[in-house]
Amino acid sequence: MLYDFIDGSMACANAENAVAETVKYIEDKGSAAQDGDDVIVAAFPTMFVCDHHPSDHCSFTTQGGPWPPHCVQGTRGAEIHDDLKPYVEEALTFYKGYRKEKEQYSGFEGINDAGQSLYEVLDIMDIHNVYVCGIATEYCVKNTCMDLLKAGFNVYLLKDAIGYVEHEGHLKALEEMEKAGIRLV
Ligand code: ZN
């Protein structure tokens, strides 16, 4: 949920709404985790996966790729939406697409500042159920969900908390994911 996918060079449909739904979801889960006498700290860790491109990334039209330049390191377009910043933790923030010659739709192999991949951290934290939201359904969301599923996680897609490039493609991707065993919630 980076600015270039919300109101920037690759602004997607339902993006602002997806951010609001995500905040609502995190808040609900957070308070549920603190119900009763036992406060379970970080029962629902929130992880961020960020497109993080150099200015000459191979996916850009300027380099012969399919997309307009977006999420260039150090620009506003590469920043997480302000409403989500309170939930950002460095160790749980993963970057992808940072190598000029490599396109990465999936966040599965994204790495944090310590060099750990999303997969490694999920494994270390002994997490089995992953709830996914983000932008865009047809590309990064779908590829991330599919990789998580293949690796054996239970994957839940927050269907109101996703933005998309194009409505028909969005619906098609939802159908594909559901068929594969991803649960839409
Ligand atoms: Zn990208």
Quiz item: So what are the ³J(HN,Hα) numbers for the range 160-171, from phi and the Karplus equation (6.51, -1.76, 1.60; θ = phi - 60°), rounded to whole Hz, Gly and Pro as x?
Solution: 8, 10, 10, x, 8, 7, 8, 4, 5, x, 4, 5
Quiz item: Is the range 56-185 best put as rounded, prolate or oblate by its Cα gyration tensor, with a ≥ b ≥ c the root eigenvalues, rounded for a/c under 1.5, and otherwise prolate when a/b is larger than b/c, oblate when not?
Solution: oblate
Self-check item: Estimated [θ] at 222 nm from DSSP helical runs (n ≥ 4, -39500 (n - 2.57)) normalised by residues in the chain, nearest 500
Solution: -8500 deg cm²/dmol
Quiz item: Taking 1 over the mean of 1/r across every pair of different Cα atoms in the range 115-185, what Kirkwood radius in Å do you get?
Solution: 12.3 Å
Quiz item: Can you give the extra length, in nm with one decimal, that the chain gains between Met125 and Cys58 once fully stretched, where that is 0.36 nm per residue apart less the Cα-Cα distance?
Solution: 20.8 nm
Quiz item: In debye to the nearest 20, how big a dipole does the range 3-184 give about its Cα centre with +1 on each Lys and Arg Cβ and -1 on each Asp and Glu Cβ?
Solution: 500 debye
Quiz prompt | Residue-normalised accessible area of the chain, given per residue in Å² at a 1.4 Å probe | solution = 52 Å²
Self-check item: Restraint check, Lys24/Lys102; Lys85/Lys172; Lys159/Lys179, Cα-Cα greater than 26 Å
Solution: Lys24/Lys102; Lys85/Lys172
Quiz item: Which whole-Hz ³J(HN,Hα) couplings does the range 69-85 yield from phi under the Karplus relation 6.51 cos²θ - 1.76 cosθ + 1.60, θ = phi - 60°, glycine and proline marked x?
Solution: x, 8, 6, 6, 3, x, 9, 4, x, 8, 8, 5, 3, 3, 5, 9, 4
Quiz prompt | Fraction of accessible area attributable to carbon and sulfur, the chain (%, probe 1.4 Å) | solution = 49 percent
Quiz prompt | Cut-off under 5 Å, modelled amide H: who pairs with Gly134 long-range | solution = Ile162, Gly163
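The values are calculated or read from the model by the stated rules, or taken from the named source; none is laboratory data. No experiment lies behind these values; they were computed from the predicted model shown. FYI the Cβ positions are ideal-geometry reconstructions off the backbone, even for glycines, and counts take in every protein chain you see. Only protein heavy atoms, including side chains, enter the accessible area calculation; ligands, DNA and RNA are left aside. Shrake-Rupley method; radii C 1.70, N 1.55, O 1.52, S 1.80 Å.
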